[in-house]
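Engineer: One structure, pasted below without further comment.
The values are calculated or read from the model by the stated rules, or taken from the named source; none is laboratory data. This is a predicted model, so every value here is computed, not measured. As a convention, Cβ positions derive from the backbone with ideal geometry for all residues, glycine included, and neighbour counts pool all protein chains shown. For accessibility, only protein heavy atoms count, side chains too; no ligands or nucleic acids. Shrake-Rupley method; radii C 1.70, N 1.55, O 1.52, S 1.80 Å.
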Amino acid sequence: MAEEETITGLDRSNRPLTYKDAGVDIDAADRLIDFIKPLTKSTRRPGADGSIGGFGGVFDPKAAGFKDPVFVAATDGVGTKLRLAIDTGIHSGVGIDLVAMCVNDLVVQGAEPLFFLDYYATGKLDVEAARAVVAGIAEGCRESGCALIGGETAEMPGMYEDGDFDLAGFAVGAAERENLILEPRAEAGDIMLGLASSGVHSNGFSLVRRIVDRSGLAWSDPAPFDRTRSLGEALLTPTRIYVKSCLAALKAGGVTGFAHITGGGLLENPPRSYAETIAAEIDVTAWELPPVFRWLAETGGVPAAELARTFNCGIGMTITVSPDKVEAVTEALTSSGETVYRIGQLVERAEGTPPVAITGLGTWPA
């Protein structure tokens with residue numbers, strides 16, 4: 001009998017092949033689905049029954065109480081923060097990040113998040129890692145009042161290195177037509193409030209990783225800015241979800257705009273919430289630069305202006321408010337658990353001037 005011929009690692013025998021031989025384990029995927037089912041039920045809300053397993057998710061806006069809804073959709077990922085999660089083996093927080101990056105983008109338009117779907121892709125399915133990620137997604141959905149109604153897990157050998165995975169999230173929200181924030185409403189004289197961030201959130205991690213490389217620290221070393229946690233744990237602090245507090249602010253009245261502070265930081269995101277004829281004057285001495293950003297700036301030699309353009313620098317959401325409603329909106333936000341700072345105001349924009357003028361950068365590390 002001739003020996004089996006193996007060429008470049010491929011089995012050239014005539015033995016029957018299975019999908020598992022090709023690197024796709026359907027049984028592992030089935031085990032993951034069994035774990036996900038109770039998680040989806042935990043995110044049930046009016047309009048969604050929390051079931052999973054069909055070919056598509058279903059949501060009934062009438063059951064959610066809407067009369068004349070306009071739907072708003074958002075999709076996002078977690079960026080290279082995933083690399084840190086993979087390298088440290090700390091997976092649960094990035095699920096919360098995934099939800100946060102989508103639903104925070106919905107609420108800035110006045111929309112209440114209704115349902116969420118996720119996409120998880122990997123070369124070889126690690127059920128425990130995937131379980132941790134999806135558990136985080138469910139936690140983020142519960143926190144934002146959003147139903148997890150479906151998703152996709154794709155095992156694609158040859159597309160990803162061992163242990164690697166990628167995430168994408170998709171969220172749909174709705175607002176009554178009359179309440180939708182579609183066109184800029186903000187005016188000169190409006191006050192800008194800032195809501196405290198929980199950390200770096202999910203932007204700028206390509207720079208974060210370069211700075212950590214320069215520092216010579218390992219992810220398992222104590223964080224120089226938080227000795228109670230490892231560096232990896234501290235940097236993986238999940239993105240704060242602002243949905244319920246921002247919806248409460250809208251109910252208080254007087255809100256003229258929101259800006260989710262993501263890539264582009266404090267320089268490029270606020271102008272998305274007001275017209276080109278308006279500018280924001282932001283005073284960064286209104287809040288203390290969190291230790292994580294101070295450490296990143298000092299260790300990486302990051303100039304203050306670059307810091308403000310790359311990171312949230314301690315402010316994860318800005319809100320512009322009519323002057324007569326500042327007290328009411330601030331009360332609604334603080335009652336919802338937010339730390340609120342009065343960080344600036346809107347003014348008429350002079351020709352040739354930038355849409356954001358930041359003062360106080362000299363107080364940040366050079």
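Engineer: Condition first: touching a Pro at 6+ places or on another chain (Cβ under 8 Å), surrounded by fewer than 23 Cβ atoms within 10 Å (Cβ to Cβ), over 19 Å from residue 322 (Cβ atoms) and among the charged types (D, E, K, R). Can you find one or more residues in the stretch 263-274 that meet it?
Structural biologist: No, the stretch 263-274 has no match at all.
Engineer: Are any residues in the stretch 202-238 open to solvent by 50 Å² or more (accessible area, probe 1.4 Å), part of a helix (DSSP H, G or I) and of a type in the set (S, T, N, Q), and if so, which ones?
Structural biologist: Of everything in the stretch 202-238, just one residue is open to solvent by 50 Å² or more (accessible area, probe 1.4 Å), part of a helix (DSSP H, G or I) and of a type in the set (S, T, N, Q), namely 206.
Engineer: For the stretch 109-125, which positions are charged (D, E, K, R) and surrounded by 18 or more Cβ atoms within 10 Å (Cβ to Cβ)?
Structural biologist: 112, 118
Engineer: Of all the residues that make up the stretch 239-261, how many are assigned to a loop (DSSP other than H, G, I, E, B) and either buried (at least 23 other Cβ atoms within 10 Å of the Cβ) or basic (Lys, Arg) (or both)?
Structural biologist: The total comes to 5.
Engineer: Then there's this: Return only the number of the condition from (1) farther than 20 Å from residue 71 by Cα; (2) surrounded by fewer than 19 Cβ atoms within 10 Å (Cβ to Cβ) that residue 170 does not satisfy.
Structural biologist: The one condition residue 170 does not meet is (1).
Engineer: Taking the options 89, 150, name whichever one is open to solvent by 30 Å² or more (accessible area, probe 1.4 Å) and either in contact (Cβ under 8 Å) with a residue 60 or more places away in the chain or over 12 Å from the mean Cα position of the chain (by Cα) (or both). Outline the logic, then answer.
Structural biologist: Values: 150 fails: open to solvent by 30 Å² or more (accessible area, probe 1.4 Å).
Sole residue among the options that is open to solvent by 30 Å² or more (accessible area, probe 1.4 Å) and either in contact (Cβ under 8 Å) with a residue 60 or more places away in the chain or over 12 Å from the mean Cα position of the chain (by Cα) (or both): 89.
Engineer: Check the stretch 316-328 and report whether any residue there is outside any loop (DSSP other than H, G, I, E, B), open to solvent by 40 Å² or more (accessible area, probe 1.4 Å) and in contact with an Asp or Glu (Cβ under 9 Å, 6 or more places away or on another chain). Steps first, please.
Structural biologist: Quick first cut of the stretch 316-328, residues outside any loop (DSSP other than H, G, I, E, B) only: 316-321, 323-328.
If we keep only those that are open to solvent by 40 Å² or more (accessible area, probe 1.4 Å) as well, we get 323-325, 327-328.
Filter once more, keeping what is in contact with an Asp or Glu (Cβ under 9 Å, 6 or more places away or on another chain): 323.
Yes, because at least one residue in the stretch 316-328 is outside any loop (DSSP other than H, G, I, E, B), open to solvent by 40 Å² or more (accessible area, probe 1.4 Å) and in contact with an Asp or Glu (Cβ under 9 Å, 6 or more places away or on another chain).
Engineer: Please indicate, with yes or no, whether at least one residue in the stretch 193-201 is surrounded by fewer than 16 Cβ atoms within 10 Å (Cβ to Cβ) and over 16 Å from residue 318 (Cβ atoms). It would help to see each step written out before you state the result.
Structural biologist: Here is the first cut: in the stretch 193-201, the ones surrounded by fewer than 16 Cβ atoms within 10 Å (Cβ to Cβ) are none.
Among the residues of the stretch 193-201, not one is surrounded by fewer than 16 Cβ atoms within 10 Å (Cβ to Cβ) and over 16 Å from residue 318 (Cβ atoms), which makes the answer no.
Engineer: Please work out which one of (1) of a type in the set (A, V, I, L, M); (2) over 30 Å from residue 228 (Cβ atoms); (3) touching a helix residue (DSSP H, G or I) at 6+ places or on another chain (Cβ under 9 Å) is the condition residue 361 fails and give its number.
Structural biologist: (2)
Engineer: Here is a check on your reading of the model: is residue 299 surrounded by fewer than 18 Cβ atoms within 10 Å (Cβ to Cβ) and closer than 22 Å to residue 232 by Cβ?
Structural biologist: So residue 299 passes the test.
Engineer: Then there is this: What is the number of the single condition among (1) part of a strand (DSSP E or B); (2) surrounded by 19 or more Cβ atoms within 10 Å (Cβ to Cβ) that residue 357 does not meet?
Structural biologist: Here residue 357 clears every test but (2).
Engineer: Here's another thing I want to ask about it. Residue under question is residue 41, and the condition is that it be more than 20 Å from the chain's Cα centre (by Cα) and either modelled with pLDDT of 95 or more or basic (Lys, Arg) (or both); does it hold? Walk me through it before giving the result.
Structural biologist: Values: more than 20 Å from the chain's Cα centre (by Cα): yes; either modelled with pLDDT of 95 or more or basic (Lys, Arg) (or both): yes.
Judged against the criteria, residue 41 is a match.
Engineer: Could you tell me whether any residue of the stretch 93-103 is open to solvent by 10 Å² or more (accessible area, probe 1.4 Å) and in contact with a strand residue (DSSP E or B) (Cβ under 9 Å, 6 or more places away or on another chain)?
Structural biologist: No, that holds for no residue.
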